[in-house]
Amino acid sequence: MDLETYRNIGHAFDYVEKIEEYGIGGKHISNIGYYYPFNIRSGEGTARMLLENQINFNVINRLEDWSDLETIIIPSATQLNNKIVSKLNSFLERGGKLLIMGKSILNNNNNLWFDIGAKYIGKPKHDIDYTVINQKIKGNDLVESPFLNYKAAHRFKVQDAEILASIKEPYFNRTRASFSSHQNTPYKLKDSEYSAIFKKGNIIYIAHNLDVMYFSSGARIHRDLFKKVLDIFHRNPMVKVDLQSSGRINLLHQPEKSRYVLHLLYATPIQRGRAQVIEDLVPIYDTDVQINLKKNIKKVFTVPGKKKLKIKKRNGKTFVMVPKFKAHVALVIEY
């Protein structure tokens with residue numbers, strides 16, 4: 001027995017012991033559903049965009065009860081079938097909302113699984129293209145000028161949907177025969193006849209493989225675009241936390257204890273060789289938390305430490321502020 005190894009492990013178990021009772025029997029809860037596509041680039045790309053925006057979500061592939069869900073995200077590499085589409089249609093009929101990306105909207109015969117108010121024309125004919133957002137999704141964190149997509153969108157002509165973002169195509173594909181001194185060929189001034197993002201009813205469709213591009217290239221603008229589009233549907237998150245992109249959250253429900261437990265984590269991994277190492281744990285100050293649960297919140301306190309936090313209520317929501325935490329803190333939300 002290596003006593004030094006066990007001493008090191010003991011630090012972790014000492015911490016777990018202090019918060020253990022707030023996890024036993026807890027059920028992960030969210031009103032965002034994520035259908036895992038069993039494709040690393042698509043699946044992890046979507047998960048990263050959600051995690052880095054502190055969006056709590058439930059993987060729903062084997063989840064039977066969808067009653068808590070308001071919005072379901074279908075990543076670009078998802079292979080749907082008649083059974084899951086039937087369940088998704090029932091979800092839509094109950095007022096649920098879908099955010100669908102890329103080729104997942106098509107079956108094996110290139111027919112649409114859902115009515116998205118557009119006609120499928122075909123695969124991309126360019127290697128890259130550019131997205132131009134409109135007034136519906138613009139904001140201080142998104143540029144209004146065209147921005148690059150590292151892989152062009154599937155081509156759809158909108159018929160009776162609301163266009164949220166258009167496409168500008170490059171003058172040509174960059175090859176030995178058609179050369180541009182820029183890494184990517186500039187865009188034409190005229191908008192393409194195809195659209196990047198559009199909405200019909202309770203479905204928003206993103207024609208690009210936004211998740212794969214984020215996994216491969218990590219462009220913040222693609223993550224911010226995803227968040228802006230999701231916000232159109234996801235207006236009432238159960239919890240909203242003011243953290244930077246390395247922050248993570250997780251919400252548990254312990255109904256037998258009449259409480260929720262919200263975990264906040266913050267650490268910045270550093271790439272060292274083949275591994276990502278977490279070494280420098282910096283304190284995080286004045287973290288604002290918004291709680292939007294269908295319960296009368298009576299008390300909020302931190303664990304470890306059991307420090308009671310001041311509650312403010314406004315428009316049916318509960319607000320607290322965490323003065324300081326390092327690496328991890330859990331908020332116990334009693335009702």
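The values are calculated or read from the model by the stated rules, or taken from the named source; none is laboratory data. The structure presented is a predicted model; accordingly, all values stated were derived computationally and were not measured. Here Cβ is always computed from backbone atoms with ideal geometry, including for glycine, and neighbour counts include all displayed protein chains.
Remarks
- Every pair of residues 6+ apart whose Cβ atoms lie under 9 Å, when the first sits in segment 52-71 and is on the phi > 0 side of the Ramachandran plot while the second is hydroxyl-bearing (Ser, Thr, Tyr) and modelled with pLDDT of 95 or more: Gln54/Ser245
- Reported count of residues in segment 218-238, each being surrounded by fewer than 18 Cβ atoms within 10 Å (Cβ to Cβ), within 20 Å of Asn292 (Cβ to Cβ) and of a type in the set (A, V, I, L, M), is 1.
- Residues located in segment 236-290, provided they are touching a Phe, Trp or Tyr at 6+ places or on another chain (Cβ under 8 Å) and either at positive phi or of a type in the set (S, T, N, Q) (or both): Gln244, Ser246, Gln254, Ser258, Thr287, Gln290
- Conditions (1) touching a Gly at 6+ places or on another chain (Cβ under 7 Å); (2) over 26 Å from Leu210 (Cα atoms); (3) not polar (S, T, N, Q); number of the one not met by Lys228: (2)
- Condition met for Lys97 (touching a Ser or Thr at 6+ places or on another chain (Cβ under 7 Å), surrounded by fewer than 20 Cβ atoms within 10 Å (Cβ to Cβ) and under 24 Å from Tyr35 (Cα atoms)): no
- Considering residues of segment 269-310 that are surrounded by 14 or more Cβ atoms within 10 Å (Cβ to Cβ) and of a type in the set (Ser, Thr, Tyr) only, the residue nearest to Val239 (Cα to Cα): Thr287
- Put simply, of Leu293, Leu331 the only residue that is under 29 Å from Met49 (Cβ atoms), within 26 Å of the chain's Cα centre (by Cα), at pLDDT 95 or above and outside any strand (DSSP E or B) is Leu293.
- All of Ile221, Ile232 fail the test of being within 24 Å of Trp113 (Cα to Cα) and either assigned by TED's automatic domain parsing to the domain that holds Asp286 or modelled with pLDDT of 95 or more (or both), apart from Ile232.
- Note on segment 195-214: residues that are closer than 18 Å to Ser166 by Cβ, of a type in the set (Phe, Trp, Tyr) and surrounded by 24 or more Cβ atoms within 10 Å (Cβ to Cβ) amount to 1.
- Hey, Arg259 surrounded by 11 or more Cβ atoms within 10 Å (Cβ to Cβ), under 26 Å from Lys227 (Cα atoms) and assigned by TED's automatic domain parsing to the domain that holds Leu293 or not: no
- From the options Leu69, Leu106, residue that is surrounded by 11 or more Cβ atoms within 10 Å (Cβ to Cβ), assigned by TED's automatic domain parsing to the domain that holds Ile40 and farther than 25 Å from Ala165 by Cβ: Leu69
Yes or no, residue by residue, for (1) more than 19 Å from Phe233 (Cβ to Cβ); (2) in a loop (DSSP other than H, G, I, E, B); (3) in the same structural domain as Lys151 (by TED's automatic domain parsing):
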residue: Tyr36; (1), (2), (3): yes, yes, yes
residue: Met49; (1), (2), (3): no, no, yes
residue: Ser76; (1), (2), (3): no, yes, yes
residue: Leu88; (1), (2), (3): no, no, yes
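- Hits in segment 20-50 (condition: of a type in the set (A, V, I, L, M, F, W, C), surrounded by 18 or more Cβ atoms within 10 Å (Cβ to Cβ) and either at pLDDT below 95 or more than 20 Å from His208 (Cβ to Cβ) (or both)): Ile32
- Selection of segment 1-34 for residues being out of contact with any Phe, Trp or Tyr (no Cβ under 9 Å at 6 or more places or on another chain), under 19 Å from Val261 (Cα atoms) and either assigned to a strand (DSSP E or B) or basic (Lys, Arg) (or both) yields Lys18, Lys27, His28.
- So Ile74, is it touching a strand residue (DSSP E or B) at 6+ places or on another chain (Cβ under 9 Å) and closer than 24 Å to Asn108 by Cα: yes
- Check on Tyr214, in a strand (DSSP E or B), touching a residue at least 12 places away in the same chain (Cβ under 8 Å) and of a type outside the set (Val, Ile, Thr): no
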